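For reference, the structure is listed below as C-alpha coordinates.
The values are calculated or read from the model by the stated rules, or taken from the named source; none is laboratory data. Predicted model only: the values in this text are computed from it and were never measured. Every residue, glycine among them, receives a Cβ derived from its backbone with ideal geometry; neighbour counts consider all protein chains shown. Heads up: the accessible areas ignore ligands, DNA and RNA and are worked out on the full protein's heavy atoms, side chains in. Shrake-Rupley method; radii C 1.70, N 1.55, O 1.52, S 1.80 Å.
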Amino acid sequence: MTLPESRVYLDHSATTPVHPHVVEAMAPYWSECFGNSASSHAFGQAAASALEQARQTAADVLDCRPSEIVFTGSGTEAINLALWGVAWAARQSGRGNHIVTTPVEHHAVGRTVEQLHGLLGFEVTQVPVDGYGRVDPSDVAAAVRPGTVLVSVMVANNEIGTVQRIFRIGRVCRERGVLFHTDAVQAAGRIPLELDEVNVDLLGLSAHKFYGPKGVGLLYVRRGTSFVPPITGGAQERGRRPGTVDVAGAVGLATALRLAEGERVAECARLRPLRDRLIEGVLESIPDSRLTGHPVHRLANHASFAFRGVEGESIVLHLDLEGIAASSGAACADGEPNPSFVLTAMGLSPDWGIGSLRLTLGHNNDAADVARVLEVLPGIVERLRASG
Ligand code: PLP
(Lines give C-alpha, C1' and ligand atoms only; values in the text may rest on other atoms or scores of the structure.)
Protein backbone atom coordinates (compact mmCIF):
# COMPACT_ATOMS: atom_id res chain seq x y z
CA MET A 1 0.00 0.00 0.00
CA THR A 2 1.41 3.40 -0.90
CA LEU A 3 0.41 6.56 0.89
CA PRO A 4 -0.35 9.82 -0.93
CA GLU A 5 2.47 12.33 -0.72
CA SER A 6 0.19 14.97 0.72
CA ARG A 7 -0.03 13.03 4.01
CA VAL A 8 1.60 14.60 7.03
CA TYR A 9 3.34 12.24 9.44
CA LEU A 10 3.44 13.66 12.96
CA ASP A 11 3.98 10.48 14.94
CA HIS A 12 7.77 10.20 15.16
CA SER A 13 7.58 9.11 18.80
CA ALA A 14 5.71 6.00 17.61
CA THR A 15 8.24 5.21 14.93
CA THR A 16 10.40 6.77 12.22
CA PRO A 17 11.17 5.83 8.62
CA VAL A 18 14.51 4.06 8.15
CA HIS A 19 17.20 6.47 6.94
CA PRO A 20 18.39 5.61 3.39
CA HIS A 21 22.03 5.40 4.62
CA VAL A 22 20.89 2.89 7.23
CA VAL A 23 19.14 0.72 4.61
CA GLU A 24 22.31 0.85 2.53
CA ALA A 25 24.52 -0.13 5.47
CA MET A 26 22.25 -3.06 6.40
CA ALA A 27 21.67 -4.53 2.92
CA PRO A 28 24.86 -6.65 2.61
CA TYR A 29 24.04 -8.51 5.84
CA TRP A 30 20.83 -9.99 4.43
CA SER A 31 22.47 -11.22 1.25
CA GLU A 32 26.17 -11.64 0.47
CA CYS A 33 27.31 -11.48 4.11
CA PHE A 34 24.54 -13.58 5.64
CA GLY A 35 26.64 -15.77 7.96
CA ASN A 36 25.79 -16.59 11.55
CA SER A 37 28.08 -14.42 13.65
CA ALA A 38 28.70 -17.43 15.97
CA SER A 39 30.05 -19.67 13.15
CA SER A 40 33.79 -20.15 12.94
CA HIS A 41 34.06 -20.28 9.11
CA ALA A 42 34.69 -17.29 6.87
CA PHE A 43 30.98 -16.48 6.42
CA GLY A 44 30.54 -16.39 10.19
CA GLN A 45 33.70 -14.39 10.74
CA ALA A 46 32.61 -11.73 8.26
CA ALA A 47 29.29 -11.39 10.11
CA ALA A 48 31.06 -11.37 13.50
CA SER A 49 33.39 -8.64 12.36
CA ALA A 50 30.44 -6.47 11.19
CA LEU A 51 28.72 -7.10 14.52
CA GLU A 52 31.77 -6.05 16.51
CA GLN A 53 32.19 -2.98 14.33
CA ALA A 54 28.55 -2.05 15.04
CA ARG A 55 29.16 -2.56 18.76
CA GLN A 56 32.22 -0.31 18.60
CA THR A 57 30.27 2.40 16.75
CA ALA A 58 27.46 2.33 19.33
CA ALA A 59 30.01 2.37 22.17
CA ASP A 60 31.77 5.40 20.64
CA VAL A 61 28.49 7.32 20.45
CA LEU A 62 27.43 6.36 23.97
CA ASP A 63 30.91 6.85 25.41
CA CYS A 64 31.12 3.38 26.95
CA ARG A 65 32.99 0.12 26.38
CA PRO A 66 31.90 -2.19 23.54
CA SER A 67 31.68 -5.04 26.07
CA GLU A 68 28.95 -3.11 27.90
CA ILE A 69 26.63 -3.22 24.88
CA VAL A 70 24.05 -5.97 24.35
CA PHE A 71 22.02 -6.03 21.12
CA THR A 72 18.41 -7.04 21.69
CA GLY A 73 15.20 -7.67 19.75
CA SER A 74 13.48 -4.39 20.77
CA GLY A 75 13.48 -1.58 23.31
CA THR A 76 10.93 -3.56 25.31
CA GLU A 77 13.24 -6.57 25.36
CA ALA A 78 16.21 -4.44 26.44
CA ILE A 79 14.17 -3.06 29.35
CA ASN A 80 12.87 -6.50 30.34
CA LEU A 81 16.43 -7.88 30.32
CA ALA A 82 17.60 -4.99 32.48
CA LEU A 83 14.89 -5.28 35.11
CA TRP A 84 14.69 -9.08 35.26
CA GLY A 85 18.48 -9.39 35.06
CA VAL A 86 18.96 -7.16 38.11
CA ALA A 87 16.04 -8.76 39.96
CA TRP A 88 17.39 -12.31 39.47
CA ALA A 89 20.85 -11.20 40.56
CA ALA A 90 19.38 -9.63 43.70
CA ARG A 91 17.42 -12.81 44.38
CA GLN A 92 20.50 -14.94 43.90
CA SER A 93 22.61 -12.87 46.28
CA GLY A 94 19.78 -12.14 48.72
CA ARG A 95 20.84 -8.50 48.50
CA GLY A 96 17.44 -6.84 48.60
CA ASN A 97 13.81 -6.83 47.61
CA HIS A 98 12.79 -3.27 46.76
CA ILE A 99 12.46 -1.30 43.50
CA VAL A 100 11.84 2.43 43.06
CA THR A 101 10.14 3.73 39.92
CA THR A 102 7.56 6.29 38.72
CA PRO A 103 3.91 6.09 37.67
CA VAL A 104 4.63 7.55 34.20
CA GLU A 105 6.99 4.88 32.84
CA HIS A 106 6.25 3.14 29.54
CA HIS A 107 4.51 -0.24 30.00
CA ALA A 108 7.81 -1.95 29.17
CA VAL A 109 8.97 -0.79 32.61
CA GLY A 110 5.63 -0.45 34.41
CA ARG A 111 4.27 -3.91 33.61
CA THR A 112 7.64 -5.57 34.18
CA VAL A 113 7.87 -4.03 37.63
CA GLU A 114 4.28 -5.23 38.27
CA GLN A 115 5.39 -8.75 37.34
CA LEU A 116 8.44 -8.57 39.57
CA HIS A 117 6.07 -7.63 42.38
CA GLY A 118 3.44 -10.24 41.52
CA LEU A 119 5.71 -13.17 40.67
CA LEU A 120 8.84 -12.58 42.73
CA GLY A 121 7.42 -10.51 45.57
CA PHE A 122 9.56 -7.40 45.05
CA GLU A 123 8.25 -4.39 46.93
CA VAL A 124 7.75 -1.35 44.73
CA THR A 125 7.71 2.37 45.57
CA GLN A 126 6.38 4.75 42.94
CA VAL A 127 7.73 8.25 43.52
CA PRO A 128 5.13 10.87 42.59
CA VAL A 129 5.42 13.21 39.60
CA ASP A 130 4.47 16.88 39.54
CA GLY A 131 1.92 18.49 37.24
CA TYR A 132 4.47 18.36 34.40
CA GLY A 133 5.21 14.66 34.89
CA ARG A 134 8.59 15.35 36.54
CA VAL A 135 10.10 13.47 39.43
CA ASP A 136 11.88 15.34 42.20
CA PRO A 137 15.31 13.69 42.77
CA SER A 138 14.92 14.28 46.51
CA ASP A 139 11.78 12.09 46.42
CA VAL A 140 13.89 9.37 44.80
CA ALA A 141 16.47 9.82 47.56
CA ALA A 142 13.75 9.54 50.21
CA ALA A 143 12.31 6.39 48.60
CA VAL A 144 15.64 4.53 48.55
CA ARG A 145 16.09 2.36 51.65
CA PRO A 146 18.22 -0.55 52.80
CA GLY A 147 17.21 -3.39 50.48
CA THR A 148 16.57 -1.17 47.43
CA VAL A 149 18.17 -2.94 44.49
CA LEU A 150 17.11 -0.76 41.58
CA VAL A 151 15.79 2.67 40.62
CA SER A 152 14.14 2.93 37.20
CA VAL A 153 13.26 6.39 35.86
CA MET A 154 12.91 7.15 32.16
CA VAL A 155 14.95 9.90 30.43
CA ALA A 156 12.03 11.30 28.45
CA ASN A 157 8.35 10.44 28.46
CA ASN A 158 6.81 9.12 25.25
CA GLU A 159 3.36 10.61 25.84
CA ILE A 160 4.12 14.08 27.22
CA GLY A 161 7.74 14.65 26.14
CA THR A 162 8.91 15.65 29.64
CA VAL A 163 12.62 15.15 30.28
CA GLN A 164 13.62 13.98 33.76
CA ARG A 165 16.59 15.18 35.83
CA ILE A 166 18.56 12.09 35.00
CA PHE A 167 21.97 13.40 36.11
CA ARG A 168 20.70 14.24 39.58
CA ILE A 169 18.76 11.00 39.94
CA GLY A 170 21.86 9.09 38.83
CA ARG A 171 23.91 10.89 41.47
CA VAL A 172 21.36 10.01 44.17
CA CYS A 173 21.59 6.33 43.18
CA ARG A 174 25.39 6.31 43.03
CA GLU A 175 25.71 7.97 46.45
CA ARG A 176 23.45 5.31 47.93
CA GLY A 177 25.00 2.38 46.07
CA VAL A 178 21.77 1.49 44.23
CA LEU A 179 21.65 0.45 40.58
CA PHE A 180 20.01 2.93 38.21
CA HIS A 181 18.18 1.90 35.06
CA THR A 182 16.85 4.44 32.59
CA ASP A 183 14.54 3.91 29.62
CA ALA A 184 16.18 6.12 26.99
CA VAL A 185 14.02 4.90 24.09
CA GLN A 186 12.61 8.38 23.33
CA ALA A 187 15.86 10.18 24.08
CA ALA A 188 18.37 8.96 21.48
CA GLY A 189 19.13 11.63 18.90
CA ARG A 190 17.32 14.17 21.07
CA ILE A 191 19.16 14.27 24.40
CA PRO A 192 22.93 13.80 24.87
CA LEU A 193 23.56 10.27 26.17
CA GLU A 194 27.19 10.27 27.23
CA LEU A 195 27.27 7.37 29.62
CA ASP A 196 30.64 8.27 31.02
CA GLU A 197 29.07 11.43 32.44
CA VAL A 198 25.76 10.04 33.71
CA ASN A 199 25.61 7.66 36.64
CA VAL A 200 23.52 5.12 34.79
CA ASP A 201 24.09 1.39 35.22
CA LEU A 202 21.59 0.10 32.68
CA LEU A 203 19.99 1.89 29.74
CA GLY A 204 17.68 0.75 26.95
CA LEU A 205 17.36 2.08 23.39
CA SER A 206 15.26 1.14 20.35
CA ALA A 207 16.52 1.66 16.78
CA HIS A 208 13.17 2.43 15.16
CA LYS A 209 12.78 5.62 17.21
CA PHE A 210 15.84 7.19 15.57
CA TYR A 211 15.51 6.25 11.89
CA GLY A 212 16.79 2.71 12.34
CA PRO A 213 15.02 -0.63 11.78
CA LYS A 214 12.15 -1.99 13.86
CA GLY A 215 12.72 -4.98 16.11
CA VAL A 216 16.26 -4.03 17.19
CA GLY A 217 17.21 -2.66 20.58
CA LEU A 218 20.28 -2.04 22.67
CA LEU A 219 20.89 -2.55 26.35
CA TYR A 220 23.85 -0.92 28.03
CA VAL A 221 25.01 -2.78 31.14
CA ARG A 222 27.79 -1.02 33.02
CA ARG A 223 30.80 -3.21 33.69
CA GLY A 224 30.56 -4.89 37.08
CA THR A 225 26.75 -4.68 37.31
CA SER A 226 25.27 -7.76 39.02
CA PHE A 227 23.14 -9.29 36.28
CA VAL A 228 21.71 -12.79 35.86
CA PRO A 229 20.44 -13.29 32.27
CA PRO A 230 16.69 -13.89 32.37
CA ILE A 231 16.78 -15.86 29.11
CA THR A 232 19.04 -18.81 28.66
CA GLY A 233 20.59 -20.41 25.61
CA GLY A 234 23.83 -19.89 23.72
CA ALA A 235 26.75 -17.64 24.51
CA GLN A 236 25.78 -14.79 22.19
CA GLU A 237 26.16 -11.29 23.58
CA ARG A 238 28.33 -12.78 26.36
CA GLY A 239 25.38 -14.87 27.46
CA ARG A 240 23.40 -11.78 28.42
CA ARG A 241 21.03 -12.14 25.45
CA PRO A 242 21.31 -15.62 24.01
CA GLY A 243 19.99 -16.21 20.49
CA THR A 244 21.44 -15.76 17.00
CA VAL A 245 22.18 -12.07 16.60
CA ASP A 246 20.43 -10.00 13.92
CA VAL A 247 23.64 -8.67 12.38
CA ALA A 248 21.87 -6.48 9.82
CA GLY A 249 19.77 -5.07 12.65
CA ALA A 250 22.78 -4.33 14.83
CA VAL A 251 24.54 -2.63 11.90
CA GLY A 252 21.34 -0.66 11.26
CA LEU A 253 21.01 0.42 14.89
CA ALA A 254 24.63 1.51 15.14
CA THR A 255 24.53 3.41 11.84
CA ALA A 256 21.27 5.13 12.80
CA LEU A 257 22.61 6.02 16.25
CA ARG A 258 25.76 7.55 14.77
CA LEU A 259 23.72 9.58 12.26
CA ALA A 260 21.18 10.66 14.90
CA GLU A 261 23.85 11.82 17.31
CA GLY A 262 25.73 13.61 14.49
CA GLU A 263 22.69 15.66 13.53
CA ARG A 264 21.19 15.95 17.03
CA VAL A 265 22.08 19.57 17.77
CA ALA A 266 21.13 20.93 14.33
CA GLU A 267 17.95 18.86 14.04
CA CYS A 268 16.74 19.82 17.51
CA ALA A 269 17.45 23.48 16.67
CA ARG A 270 15.37 23.10 13.48
CA LEU A 271 12.46 21.32 15.13
CA ARG A 272 12.17 23.33 18.36
CA PRO A 273 10.66 26.47 16.72
CA LEU A 274 8.25 24.29 14.71
CA ARG A 275 7.19 22.57 17.92
CA ASP A 276 6.74 25.92 19.66
CA ARG A 277 4.67 27.31 16.80
CA LEU A 278 2.46 24.23 16.99
CA ILE A 279 2.01 24.59 20.74
CA GLU A 280 1.32 28.30 20.56
CA GLY A 281 -1.10 27.91 17.65
CA VAL A 282 -3.10 25.11 19.27
CA LEU A 283 -3.40 26.83 22.64
CA GLU A 284 -4.39 30.13 21.00
CA SER A 285 -7.03 28.70 18.70
CA ILE A 286 -8.67 25.95 20.76
CA PRO A 287 -10.62 26.79 23.93
CA ASP A 288 -10.26 24.44 26.89
CA SER A 289 -6.95 23.09 25.64
CA ARG A 290 -3.72 22.74 27.55
CA LEU A 291 -0.15 21.70 26.94
CA THR A 292 0.72 18.48 28.73
CA GLY A 293 4.24 17.90 29.98
CA HIS A 294 6.90 20.44 30.77
CA PRO A 295 6.91 23.69 28.75
CA VAL A 296 10.74 23.89 28.72
CA HIS A 297 12.18 20.55 29.79
CA ARG A 298 10.59 18.63 26.93
CA LEU A 299 11.80 16.84 23.81
CA ALA A 300 12.52 19.29 20.97
CA ASN A 301 10.22 17.43 18.56
CA HIS A 302 7.34 16.76 20.96
CA ALA A 303 4.05 18.65 21.33
CA SER A 304 1.30 17.12 23.44
CA PHE A 305 -2.05 18.43 24.53
CA ALA A 306 -5.20 17.66 26.43
CA PHE A 307 -8.60 18.89 25.27
CA ARG A 308 -11.29 18.93 27.91
CA GLY A 309 -14.26 16.69 27.24
CA VAL A 310 -13.10 15.36 23.85
CA GLU A 311 -11.76 11.88 23.22
CA GLY A 312 -8.16 11.96 22.00
CA GLU A 313 -8.73 8.82 19.94
CA SER A 314 -11.59 10.54 18.04
CA ILE A 315 -9.33 13.49 17.28
CA VAL A 316 -6.71 11.07 15.95
CA LEU A 317 -9.29 9.42 13.66
CA HIS A 318 -10.50 12.76 12.32
CA LEU A 319 -6.95 13.99 11.77
CA ASP A 320 -6.26 10.79 9.85
CA LEU A 321 -9.22 11.53 7.58
CA GLU A 322 -7.51 14.86 6.88
CA GLY A 323 -4.27 13.05 6.04
CA ILE A 324 -2.49 13.80 9.32
CA ALA A 325 -0.99 10.99 11.42
CA ALA A 326 -0.96 11.65 15.20
CA SER A 327 -1.57 9.64 18.34
CA SER A 328 -3.32 9.72 21.67
CA GLY A 329 -2.21 8.44 25.06
CA ALA A 330 -5.70 7.49 26.13
CA ALA A 331 -6.69 3.89 25.60
CA CYS A 332 -10.09 2.63 24.59
CA ALA A 333 -11.49 -0.43 26.34
CA ASP A 334 -14.96 -1.81 25.49
CA GLY A 335 -15.68 1.31 23.47
CA GLU A 336 -15.26 3.50 26.56
CA PRO A 337 -12.28 5.87 26.68
CA ASN A 338 -9.91 5.35 29.60
CA PRO A 339 -8.04 8.43 30.77
CA SER A 340 -4.31 8.31 30.09
CA PHE A 341 -2.49 6.84 33.09
CA VAL A 342 0.27 9.40 32.58
CA LEU A 343 -2.12 12.36 32.75
CA THR A 344 -3.90 10.80 35.71
CA ALA A 345 -0.58 10.49 37.57
CA MET A 346 0.02 14.19 36.85
CA GLY A 347 -3.25 15.03 38.59
CA LEU A 348 -5.48 15.73 35.57
CA SER A 349 -9.14 14.86 36.02
CA PRO A 350 -10.71 12.22 33.70
CA ASP A 351 -12.49 14.83 31.52
CA TRP A 352 -9.01 16.13 30.55
CA GLY A 353 -7.32 12.71 30.72
CA ILE A 354 -9.38 11.21 27.88
CA GLY A 355 -8.48 14.06 25.57
CA SER A 356 -4.79 13.50 25.08
CA LEU A 357 -3.17 14.20 21.70
CA ARG A 358 0.50 13.81 20.72
CA LEU A 359 2.10 15.41 17.67
CA THR A 360 5.76 14.50 17.23
CA LEU A 361 7.93 16.05 14.52
CA GLY A 362 10.79 14.55 12.55
CA HIS A 363 13.00 14.69 9.44
CA ASN A 364 10.26 15.26 6.87
CA ASN A 365 8.29 17.93 8.68
CA ASP A 366 8.37 21.62 7.97
CA ALA A 367 6.40 24.79 8.70
CA ALA A 368 3.75 23.84 6.12
CA ASP A 369 2.92 20.69 8.12
CA VAL A 370 2.47 22.75 11.27
CA ALA A 371 0.25 25.20 9.37
CA ARG A 372 -1.85 22.29 8.05
CA VAL A 373 -2.50 21.02 11.60
CA LEU A 374 -3.42 24.49 12.78
CA GLU A 375 -5.82 24.81 9.85
CA VAL A 376 -7.79 21.63 10.60
CA LEU A 377 -7.44 20.81 14.31
CA PRO A 378 -9.60 23.64 15.79
CA GLY A 379 -12.53 22.64 13.55
CA ILE A 380 -12.18 18.96 14.46
CA VAL A 381 -12.23 19.68 18.20
CA GLU A 382 -15.18 22.06 17.79
CA ARG A 383 -17.20 19.52 15.77
CA LEU A 384 -16.45 16.72 18.23
CA ARG A 385 -17.51 18.88 21.16
CA ALA A 386 -20.70 19.90 19.36
CA SER A 387 -21.56 16.28 18.55
CA GLY A 388 -20.64 14.94 22.00
N1 PLP B 1 9.99 2.93 26.18
C2 PLP B 1 9.48 4.02 25.63
C3 PLP B 1 9.58 5.34 26.35
C4 PLP B 1 8.84 3.96 24.39
O5 PLP B 1 8.31 5.07 23.85
C6 PLP B 1 8.76 2.70 23.73
C7 PLP B 1 8.05 2.57 22.45
O8 PLP B 1 7.15 3.33 22.15
C9 PLP B 1 9.35 1.58 24.34
C10 PLP B 1 9.95 1.73 25.57
C11 PLP B 1 9.32 0.23 23.68
O12 PLP B 1 10.20 0.18 22.58
P13 PLP B 1 10.02 -0.92 21.44
O14 PLP B 1 8.98 -0.42 20.53
O15 PLP B 1 11.33 -1.02 20.73
O16 PLP B 1 9.69 -2.20 22.08
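Every condition in (1) among the hydroxyl-bearing types (Ser, Thr, Tyr); (2) open to solvent by 50 Å² or more (accessible area, probe 1.4 Å); (3) not in a helix (DSSP H, G or I) is met by THR344 except one, and the failing one is (3).
Going by the structure shown, is ARG176 surrounded by fewer than 24 Cβ atoms within 10 Å (Cβ to Cβ), modelled with pLDDT of 95 or more and closer than 16 Å to LEU62 by Cβ? For ARG176, the condition - surrounded by fewer than 24 Cβ atoms within 10 Å (Cβ to Cβ), modelled with pLDDT of 95 or more and closer than 16 Å to LEU62 by Cβ - is not met. Taken over the range 52-79, the criterion of being away from the ligand (no atom under 16 Å from the Cβ), part of a helix (DSSP H, G or I) and either open to solvent by less than 10 Å² (accessible area, probe 1.4 Å) or under 14 Å from GLY204 (Cβ atoms) (or both) is satisfied by ALA54, ALA59, LEU62, GLU68.
Out of all the residues in the range 164-182, which are part of a loop (DSSP other than H, G, I, E, B) and closer than 19 Å to VAL129 by Cα?
Initially, the range 164-182 is screened for residues part of a loop (DSSP other than H, G, I, E, B), giving 164-165, 176-178.
Correct list: GLN164, ARG165.
Restricting GLU24, GLU32 to those that are under 30 Å from ALA325 (Cβ atoms) and loosely packed, with under 14 Cβ neighbours inside 10 Å reduces the list to GLU24.
Return the residues of the range 102-129 that are part of a loop (DSSP other than H, G, I, E, B), open to solvent by less than 60 Å² (accessible area, probe 1.4 Å) and away from the ligand (no atom under 15 Å from the Cβ); say none if nothing qualifies. Steps first, answer last, please.
Taking the range 102-129 as the starting set, the residues that turn out to be part of a loop (DSSP other than H, G, I, E, B) are 102-106, 121-122, 127-128.
Checking which are open to solvent by less than 60 Å² (accessible area, probe 1.4 Å) leaves us with 102-105, 121-122, 127.
Answer for the range 102-129, where residues must be part of a loop (DSSP other than H, G, I, E, B), open to solvent by less than 60 Å² (accessible area, probe 1.4 Å) and away from the ligand (no atom under 15 Å from the Cβ): GLY121, PHE122, VAL127.
Taken across the range 135-147, residues that are of a type outside the set (Gly, Ala, Ser), in contact (Cβ under 8 Å) with a residue 60 or more places away in the chain, out of contact with any His (no Cβ under 6 Å at 6 or more places or on another chain) and at negative phi do not occur at all.
Set side by side, the residues GLU261, GLU267 differ, and just one is away from the ligand (no atom under 16 Å from the Cβ), over 17 Å from the mean Cα position of the chain (by Cα) and part of a helix (DSSP H, G or I), which is GLU267.
In the range 278-297, the residues that are outside the structural domain of VAL310 (by TED's automatic domain parsing) never reach a residue that is open to solvent by 70 Å² or more (accessible area, probe 1.4 Å) and not in a loop (DSSP other than H, G, I, E, B) with C-beta atoms less than 9 angstrom apart, at least six apart or across chains.
For the range 3-11, indicate whether the set of residues that are open to solvent by 40 Å² or more (accessible area, probe 1.4 Å) and free of Cβ contacts under 8 Å to residues at least 24 places away in the same chain is non-empty. Give the steps one after another, and end with the answer.
Looking only at the range 3-11, we keep the residues that are open to solvent by 40 Å² or more (accessible area, probe 1.4 Å), and these are 3-7, 9.
Then keep just the ones that are free of Cβ contacts under 8 Å to residues at least 24 places away in the same chain; that gives 3, 5.
The answer is yes; a qualifying residue exists.
Looking only at residues of the range 80-100 that are open to solvent by less than 10 Å² (accessible area, probe 1.4 Å) and touching a helix residue (DSSP H, G or I) at 6+ places or on another chain (Cβ under 8 Å), we find that the one that is nearest to the ligand (Cβ to nearest atom) is LEU83. Which numbered condition in (1) within 16 Å of the ligand (Cβ to nearest atom); (2) part of a helix (DSSP H, G or I) is the only one that GLN186 fails? Answer for GLN186: the failing condition is (2). Filtering the range 60-80 to residues that are over 18 Å from ALA187 (Cβ atoms) and touching a Gly at 6+ places or on another chain (Cβ under 8 Å) leaves PHE71, GLY73. If the condition is being touching a Lys or Arg at 6+ places or on another chain (Cβ under 6 Å), at pLDDT 95 or above and either crowded, with 24+ Cβ neighbours inside 10 Å or more than 30 Å from LEU361 (Cβ to Cβ) (or both), then the range 193-231 contributes ASP201, PRO229.
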